[in-house]
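The values are calculated or read from the model by the stated rules, or taken from the named source; none is laboratory data. Here the structure is a predicted model, which is why all the values come from computation and not from measurement. Please note: Cβ atoms are built from the backbone with ideal geometry, for glycine as well, and neighbour counts cover all protein chains shown.
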Amino acid sequence: MLTTSKFKSLFFIAAFALLATATAQAAPKVGKPAPEFKGTDSLGKTHDLAQYRGKYIVLEWLNHGCPYVQKHYDSQNMQKLQTEWTKKGVVWLSVVSSAKGKQGNEEGVDANAAAKEKGSHATAILLDSGGAIGKAYEAQTTPHMFVIDSKGTLVYSGAIDDRPSTETDDVNGAKNYVSAALTASMAGKPVEVKTTKSYGCGVHY
């Protein structure tokens with residue numbers, strides 16, 4: 001039989017465990033510190049959020065087999081964005097969260113070959129087959145875009161632009177939310193559109 005003191009102890013332990021679980025699974029919120037992450041890239045190098053403090057970061061969820069991703073790479077739209085912003089000091093991390101054995105999964109050699117073929121100008125390609133980074137950010141689609149400012153605050157989350165289609169021509173004249181967020185935030189101005197619904201193929205965790 002449980003004594004009152006033992007019951008209270010078990011109650012507080014259970015409550016603490018639930019609180020810890022809720023905290024760990026808390027959704028990333030724009031205007032709040034971005035979720036910590038640590039991952040290995042296609043070259044075997046480790047990257048984490050802390051090492052880039054003082055720099056802006058773009059996280060781009062990637063699956064080259066997805067027609068929505070193909071739209072932005074075949075049109076050179078994604079490569080142009082990567083080139084433009086990395087030249088301005090932004091760290092651009094493409095994240096592959098497809099699990100092993102599932103469509104879109106890439107090992108280092110495959111990821112490097114695809115990056116070369118597509119002409120990627122990302123800073124690095126993080127291989128997240130375990131899904132830890134994707135789940136921390138609740139990445140739902142490829143592409144799914146996140147912008148983190150130099151203080152480590154999440155300033156944008158959602159779609160790359162306002163044209164949720166697979167047509168390459170639709171990148172012309174589209175409102176690019178990532179560029180808009182970076183332009184405003186780096187100029188010390190508020191980001192006008194902070195969150196949107198991402199579009200693309202589901203992430204294959």
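Mind listing just one residue for me: the one in region 162-173 that is acidic (Asp, Glu) and surrounded by 14 or more Cβ atoms within 10 Å (Cβ to Cβ) and, of those, nearest to Tyr56 (Cα to Cα)? Here the residue is Asp162. The set of residues from region 167-202 being under 18 Å from the mean Cα position of the chain (by Cα), basic (Lys, Arg) and within 25 Å of Lys88 (Cα to Cα) comprises just one member, Lys194.
Picking from residues in region 96-136 that are more than 20 Å from Asp74 (Cβ to Cβ) and of a type in the set (A, V, I, L, M, F, W, C), the one that is surrounded by the fewest Cβ atoms within 10 Å (Cβ to Cβ) is Val109.
A count restricted to region 28-42 and to residues that are at pLDDT 95 or above, in a loop (DSSP other than H, G, I, E, B), surrounded by 16 or more Cβ atoms within 10 Å (Cβ to Cβ) and not hydroxyl-bearing (Ser, Thr, Tyr) stands at 4.
Per-residue answers, yes or no, for (1) of a type outside the set (Ser, Thr, Tyr); (2) touching a strand residue (DSSP E or B) at 6+ places or on another chain (Cβ under 8 Å); (3) surrounded by 23 or more Cβ atoms within 10 Å (Cβ to Cβ); (4) free of Cβ contacts under 8 Å to residues at least 40 places away in the same chain:
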residue: Pro143; (1), (2), (3), (4): yes, yes, yes, no
residue: Val147; (1), (2), (3), (4): yes, yes, yes, no
residue: Gly152; (1), (2), (3), (4): yes, yes, no, no
residue: Ile160; (1), (2), (3), (4): yes, yes, yes, no
residue: Lys175; (1), (2), (3), (4): yes, yes, no, yes
residue: Val193; (1), (2), (3), (4): yes, yes, no, yes
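Can we say Lys102 is part of a loop (DSSP other than H, G, I, E, B) and either touching an Asp or Glu at 6+ places or on another chain (Cβ under 6 Å) or over 25 Å from Cys201 (Cα atoms) (or both)? Spelling it out, it is not the case that Lys102 is part of a loop (DSSP other than H, G, I, E, B) and either touching an Asp or Glu at 6+ places or on another chain (Cβ under 6 Å) or over 25 Å from Cys201 (Cα atoms) (or both). Of the residues Glu60, Glu84, the single one that is at pLDDT 95 or above, in contact with a Ser or Thr (Cβ under 6 Å, 6 or more places away or on another chain), of a type outside the set (Phe, Trp, Tyr) and surrounded by 12 or more Cβ atoms within 10 Å (Cβ to Cβ) is Glu60.
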